[in-house]
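Below: one structure, written as structure tokens.
The values are calculated or read from the model by the stated rules, or taken from the named source; none is laboratory data. This one's a predicted model, so the numbers in the text were calculated from it and none came from an experiment. Counting neighbours? That spans all protein chains shown, and the Cβs are built from the backbone with ideal geometry, glycine included.
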């Protein structure tokens, strides 16, 4: 073997040793965090007033709902169900129920509880169809999303919470300088990110996502896990709908579609594998933070808002490519 | 087989994806009235309840005249729209009214209807050979812009820091006319607002799109304290007003919308100063009065297919939030319209005269 080849082999070995000693997701964290910092520095160099409280509010408001939905989506992804494409419907369906009950002067705690339950029931419906029919979750959730949105259009065109509702006042307010709706997102990401790899059910979800056959051999029920994941993910989407109703004003049944792209991009960029079994949910804070900064930054650079979808789509392509690269690296 | 059953059978065969309402001919009416059939293709966008109401008004007016009436929904789909044209032709309707949100297929429809010698009225979207009935969107924009400009003049002496135009580019030329008209209206009252204070953003005609985009635009103008917002519709303006609320700048902003969809009811945003009503649901009054009635009487008017010189012009109605509180909701307006003497428009009934 030549000296050059030996050196290359050694450096490759050191690189693998280096990666294997890093905490899970450290590479992704440094990459996404680095991109975020570069974006902030570039925007600030372009316009110094980018670093303002107004920017912070704009970014954190954008992060809040996307972040909560990303947690739900990440749970589905980690468990091997790839993606839940019905999130836009559960967001507006649960939101519509909340608006309707608030208009009927139901007590707020009951309304919030029902909002979360509606989300969980939606997840239960998805899981039942997937498990009973042994169907691909992506196809099922795509179909239920169409059904749900179309059905809502038959019932209402626009709906909103009464502007005098305390929920709306809460949705516009701040706590410690940041939007009220941002804090539940932070708490949720931290809690789910902490408990997912540290609890029995969390480990079951990861195991099923990693290898359903190996998981079944260990006595883990794929059915139960799938039901649990979709119900929890639905309930979390129900939580997102509370925040949506509180902060969005009137909305149409298809209003949730605007969240689909950033949520999926955020999950993949956070290193949650679409193949399942892998993902550090804490990194959602970084990925969603980065993705929420991009549109604000684009405006500071003078790009029209039409460019936002172009950039988000581009970032999604990069994220999917990275996901594939990570998967191939693990197989080597 | 009666005319009605034959029509139902034909439609049922052909219109698999099309919602259909057939209103039978009224028993009253003259012999010539009973033989006249009006076709109506509604837009069919589920989020636009006024499109359904357009059909309800046309059906009621046709019934008042003793006409047969065939209604199809275009389902906001070009293929369904084209198929509907075939159904109208097969049904031998005497005239067609269409709100077609897929204008790309209008030349196809025009060729089909011309070959079948069926006159067509188009609402708001012009097509050579079709009678144009609709709003002058530029005039509607201008009226709203002037109203907002007057508020800016009174409140801030036209010393405005930022004018945000929340566009809906998917609507094409209609967006250009409405939002451009609103900007022109503001300039008419406040001609000295510098060019760099005018900003456009994509609001998509929805609060959910305009809200995050509005947050970003406001964040990029942190020092703006006196802000005006215009948009293609009420939703696109509301999104920006909501964004200002979230960034703690609600008291710095005033908006004026278009279409009147969020200026009535109990949940009007206090910073939405007004909107421009078109009373879209009542367009059939104009179409029947100025085009279809003369055709039915055997005196077809000359085809006027240019929005600048339309067959019938719908008047825009700028309404402040205070005035809007006195205007009934759409169901109430339709009821009042149908009870009014023939030819009365919603503008006549509801538009504030001062």
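Which of the following residues is surrounded by fewer than 19 Cβ atoms within 10 Å (Cβ to Cβ) and modelled with pLDDT of 95 or more: A:58, A:42? Don't jump to the end; show me each part of the working.
Values: A:58 fails: surrounded by fewer than 19 Cβ atoms within 10 Å (Cβ to Cβ).
Selected residue: A:42, the only one of A:58, A:42 that is surrounded by fewer than 19 Cβ atoms within 10 Å (Cβ to Cβ) and modelled with pLDDT of 95 or more.
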Looking at the stretch B:213-236, which of its residues are within 11 Å of another protein chain (Cβ to nearest Cβ) and farther than 19 Å from residue A:307 by Cβ? B:222, B:223, B:224, B:234, B:235
Whether any residue in the stretch B:241-249 is assigned by TED's automatic domain parsing to the domain that holds residue B:187, surrounded by 24 or more Cβ atoms within 10 Å (Cβ to Cβ) and under 22 Å from residue B:142 (Cα atoms) is what I want to check. yes
Scanning the stretch B:44-94 residue by residue, those within 14 Å of chain A (Cβ to nearest Cβ), within 25 Å of residue B:115 (Cα to Cα) and out of contact with any strand residue (DSSP E or B) (no Cβ under 6 Å at 6 or more places or on another chain) turn out to be B:75, B:76, B:77
If residue A:100 satisfies all but one of (1) touching a residue at least 60 places away in the same chain (Cβ under 8 Å); (2) farther than 21 Å from residue A:64 by Cα; (3) touching a strand residue (DSSP E or B) at 6+ places or on another chain (Cβ under 9 Å), what's the number of the condition it fails? (1)
When you go through B:321, B:342, B:273 one by one, which is the residue that is outside the structural domain of residue B:148 (by TED's automatic domain parsing), touching a residue at least 24 places away in the same chain (Cβ under 8 Å) and crowded, with 16+ Cβ neighbours inside 10 Å? B:321
Exactly one of these conditions fails for residue A:230: (1) buried (at least 24 other Cβ atoms within 10 Å of the Cβ); (2) at positive phi. Give me its number. (2)
Cβ-Cβ below 6 Å, separation at least six or inter-chain, first residue in the stretch B:188-212 and more than 8 Å from every other protein chain (Cβ to nearest Cβ) and on the phi > 0 side of the Ramachandran plot, second assigned to a helix (DSSP H, G or I) and buried (at least 17 other Cβ atoms within 10 Å of the Cβ): which pairs? B:205/B:235; B:205/B:236
Per the filter on the stretch A:186-237, residues in contact (Cβ under 8 Å) with a residue 60 or more places away in the chain and assigned to a loop (DSSP other than H, G, I, E, B) are A:196, A:211
Of the criteria (1) surrounded by fewer than 20 Cβ atoms within 10 Å (Cβ to Cβ); (2) more than 14 Å from chain B (Cβ to nearest Cβ); (3) modelled with pLDDT of 90 or more, which one residue A:257 fails: (2)
Answer yes or no: is there a residue in the stretch B:307-325 that is assigned to a loop (DSSP other than H, G, I, E, B), away from every other protein chain (no Cβ under 13 Å) and closer than 25 Å to residue A:103 by Cβ. yes
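Listed here are the residues, each with its yes/no results for (1) under 25 Å from residue B:108 (Cα atoms); (2) assigned to a strand (DSSP E or B); (3) outside the structural domain of residue B:123 (by TED's automatic domain parsing).
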residue: B:41; (1), (2), (3): yes, yes, no
residue: B:52; (1), (2), (3): yes, no, no
residue: B:63; (1), (2), (3): no, no, no
residue: B:72; (1), (2), (3): yes, yes, no
residue: B:79; (1), (2), (3): yes, no, no
residue: B:85; (1), (2), (3): yes, no, no
residue: B:88; (1), (2), (3): yes, no, no
Test residue A:183 against the stated conditions and say whether it is within 20 Å of the chain's Cα centre (by Cα), assigned to a helix (DSSP H, G or I) and either at pLDDT 90 or above or within 20 Å of residue B:247 (Cβ to Cβ) (or both). yes
Those residues that are modelled with pLDDT of 90 or more and out of contact with any strand residue (DSSP E or B) (no Cβ under 9 Å at 6 or more places or on another chain), I need them from the stretch B:115-137; list them, please. B:115, B:116, B:117
State whether the residues of the stretch A:302-309 include one that is in a helix (DSSP H, G or I) and over 18 Å from residue A:66 (Cα atoms). yes
Among the numbered criteria (1) within 11 Å of another protein chain (Cβ to nearest Cβ); (2) buried (at least 24 other Cβ atoms within 10 Å of the Cβ); (3) touching a helix residue (DSSP H, G or I) at 6+ places or on another chain (Cβ under 7 Å), which single criterion is violated by residue B:181? (1)
Among (1) closer than 20 Å to residue A:298 by Cβ; (2) surrounded by 22 or more Cβ atoms within 10 Å (Cβ to Cβ) - the single one residue B:261 does not satisfy: (1)
Enumeration of residues in the stretch A:160-173 that are within 10 Å of chain B (Cβ to nearest Cβ) and outside any loop (DSSP other than H, G, I, E, B): A:168, A:171, A:172
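Which one of these is on the phi > 0 side of the Ramachandran plot, within 11 Å of chain B (Cβ to nearest Cβ) and either touching a strand residue (DSSP E or B) at 6+ places or on another chain (Cβ under 7 Å) or modelled with pLDDT under 95 (or both): A:271, A:276, A:249?
Numbers: A:271 fails: within 11 Å of chain B (Cβ to nearest Cβ); A:276 fails: within 11 Å of chain B (Cβ to nearest Cβ).
Checking each option against the conditions leaves just A:249.
Scan the stretch B:326-339 for residues that are assigned to a loop (DSSP other than H, G, I, E, B) and either modelled with pLDDT of 95 or more or surrounded by 15 or more Cβ atoms within 10 Å (Cβ to Cβ) (or both) and jot them down. If you could, list the steps in order and put the result at the bottom.
Taking the stretch B:326-339 and keeping what is assigned to a loop (DSSP other than H, G, I, E, B), we get B:326-329.
Passing the criteria: only B:327.
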Residues of the stretch B:251-279 being modelled with pLDDT under 95 and within 11 Å of another protein chain (Cβ to nearest Cβ), in sequence order, are B:261, B:262, B:265, B:266, B:267, B:268, B:269, B:270
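Can you pull out the residues in the stretch A:217-227 that are in contact with a helix residue (DSSP H, G or I) (Cβ under 6 Å, 6 or more places away or on another chain) and either farther than 16 Å from residue A:141 by Cβ or within 14 Å of chain B (Cβ to nearest Cβ) (or both)?
A:220, A:222, A:223, A:225, listed by residue number.
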Would you mind telling me which numbered condition in (1) within 12 Å of chain A (Cβ to nearest Cβ); (2) out of contact with any strand residue (DSSP E or B) (no Cβ under 7 Å at 6 or more places or on another chain) residue B:241 fails? (2)
